[in-house]
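Structure, as structure tokens:
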């Protein structure tokens, strides 16, 4: 593989992320390294990696073990190196010894240290590129470093372009929501706002900025439900709650429902994985009563759960609602627990108050 051809692939990877793995494998082979990794580190980690180390990095990422070490904070604090450097020459020995990702995860694979370089993106994220070394051939030669450094400017340039494209995609998503009249934002799976449209910015009594660029909901109950939904999404739970009711704070306010739409892209796309579109829907109290079918769409309820919610909102007890629905009281209580989880409340009275505050009281005529 000629150097010109590999450089072309590096720039291709900026637009077609799947190409990164081939680029990393070729560079690892050329430098006698065991594997290669490229990632974006901030409040979460997204990466591409060679097959040898990918399962380890995936497990570390899911468990957020990156945040427990000092290496990432050191990269944020130091000036980015102008070349690839053996990690023992860049980080203190005690920091490397305390890096459990290194000692517990990849050391059993026969891997020792790393050749590493990184840059800081305009977003504040760190873009590291690392090549893991075999234990039996750990410290790289000057020639092996020179091979990697030939490609370093192209790697960093392609990475920064890809990051910029990610931000452009996020902005385009929020603009599309605005054209539909929907306040919206694009979030990382940790809740950090990548882009927010003007309609959402005009709702400071509902949404606010929090620490580390996180988007928060002013109502504490709704914000807690948002945090739980994001945690479930990060853990890969397909049944995660993705519709969150926001009750009105004053009689003059309108209630809202927030919908979370995960952006599904190719596996381990370091510049898009984990992005979530947040769209806020205003519930108009003047619109009158809503049928159970609307409850299903607004709050991710099953038909049976929505039917029970309707009866409870009409003032029935759980026993009365069960009889009216034709189910046992035990089943009704099971549905009630699911309603609590999905709507972020703990008691039946809170559930009924929430339904009434959002003007979602479905009064349907049940014909015999």
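The values are calculated or read from the model by the stated rules, or taken from the named source; none is laboratory data. Everything numeric in this text was worked out from a predicted model, so none of it was measured. Quick reminder, even Gly has a Cβ in these numbers, built from the backbone with ideal geometry, and neighbours come from all protein chains shown.
Descriptive notes on the structure:
- Unmet criterion (only one of (1) part of a helix (DSSP H, G or I); (2) touching a helix residue (DSSP H, G or I) at 6+ places or on another chain (Cβ under 9 Å)) for residue 176: (2)
- Residue 231 fulfils the conditions (1) touching a strand residue (DSSP E or B) at 6+ places or on another chain (Cβ under 7 Å); (2) at pLDDT 75 or above; (3) closer than 19 Å to residue 341 by Cβ except for a single criterion, (1).
- Single unsatisfied condition, residue 216 versus (1) outside any helix (DSSP H, G or I); (2) crowded, with 20+ Cβ neighbours inside 10 Å; (3) not assigned by TED's automatic domain parsing to the domain that holds residue 74: (2)
- Pair list, Cβ < 8 Å and 6+ apart or interchain, from the range 246-270 residues that are surrounded by fewer than 13 Cβ atoms within 10 Å (Cβ to Cβ) to residues that are modelled with pLDDT of 80 or more and in a loop (DSSP other than H, G, I, E, B): 266/17; 266/18
- Scanning the range 115-152 for residues that are more than 21 Å from residue 166 (Cβ to Cβ), under 28 Å from the mean Cα position of the chain (by Cα) and in contact (Cβ under 8 Å) with a residue 60 or more places away in the chain gives 131, 132.
- Criterion applied to 135, 109, 121 was being in contact with a strand residue (DSSP E or B) (Cβ under 9 Å, 6 or more places away or on another chain), surrounded by 15 or more Cβ atoms within 10 Å (Cβ to Cβ) and modelled with pLDDT of 90 or more, and the one residue passing it is 109.
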